[in-house]
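Please read the structure below before turning to the comments.
The values are calculated or read from the model by the stated rules, or taken from the named source; none is laboratory data. Note that the structure is predicted; figures quoted are calculated from it, not measured. Ideal geometry is used to build each Cβ from the backbone, glycine not excepted, and the neighbour counts take in all protein chains shown. Ligands, DNA and RNA are stripped out before the accessible areas are found, and what is left, the full protein with its side chains, is counted by its heavy atoms. Shrake-Rupley method; radii C 1.70, N 1.55, O 1.52, S 1.80 Å.
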Amino acid sequence: MSVNRRRGEVAARLDGREYRLCLTLGALAELEAAFEAEDLNRLVERFSSGRLSARDMAAVIAAGLRGGGHEVSDEDVRAMRCEGGAAGFAALVGELLSVTFGAGAPEGGRGENP
């Protein structure tokens, strides 16, 4: 799957299916509400703490999937499987946050298309 990392897109294989994820402005607003963050700075602080729960990761992935045009619920995401298990989900969240907040793309990112 081709993605545009400059637009904050990442590719993921969940339940054996390819998806495009993107934390759009609407998806970020959704996460602000879910995490009761008053602004993006507070949201970034929370993500930077390195202490995200499985529920937090599911919320970020679900928001990214919805931002990428997929109609999924947080519950749908919690039932999905990712290659690498929990570590695979954590890597996906890290990659998505990295391209969204401009921290630079990880080396060897998936499906990069400048």
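List of remarks:
- Net charge dipole, the range 1-98: roughly 360 debye, given to the nearest 20, about the Cα centre with Cβ charges of +1 for Lys and Arg and -1 for Asp and Glu.
- Put simply, when 89-100, 37-48, 57-68, 14-25 are sorted by average Cβ atoms within 10 angstrom per residue, most first, you get 57-68, 89-100, 14-25, 37-48.
- Residues of the range 1-38 with an amide N closer than 20 Å to a point placed 7 Å from the Cα of Glu83 along the Cα-to-Cβ direction: 1-5, 9-22.
- For Leu14, the residues whose modelled amide H falls within less than 5 Å of its own, excluding neighbours fewer than 5 places apart on the same chain, are Tyr19.
- Per atom type, the chain shows carbon and sulfur on 47% of its accessible surface, probed at 1.4 Å.
- Helical mean residue ellipticity (222 nm; -39500 (n - 2.57) per DSSP H run of 4+; nearest 500) of the chain: -14500 deg cm²/dmol
- Its alpha carbons considered, the chain gives a radius of gyration followed by a Dmax of 12.8, 36 Å.
- Solvent-accessible area of Met1, all protein chains in place: 100 Å² (probe radius 1.4 Å, heavy atoms, ligands and nucleic acids excluded).
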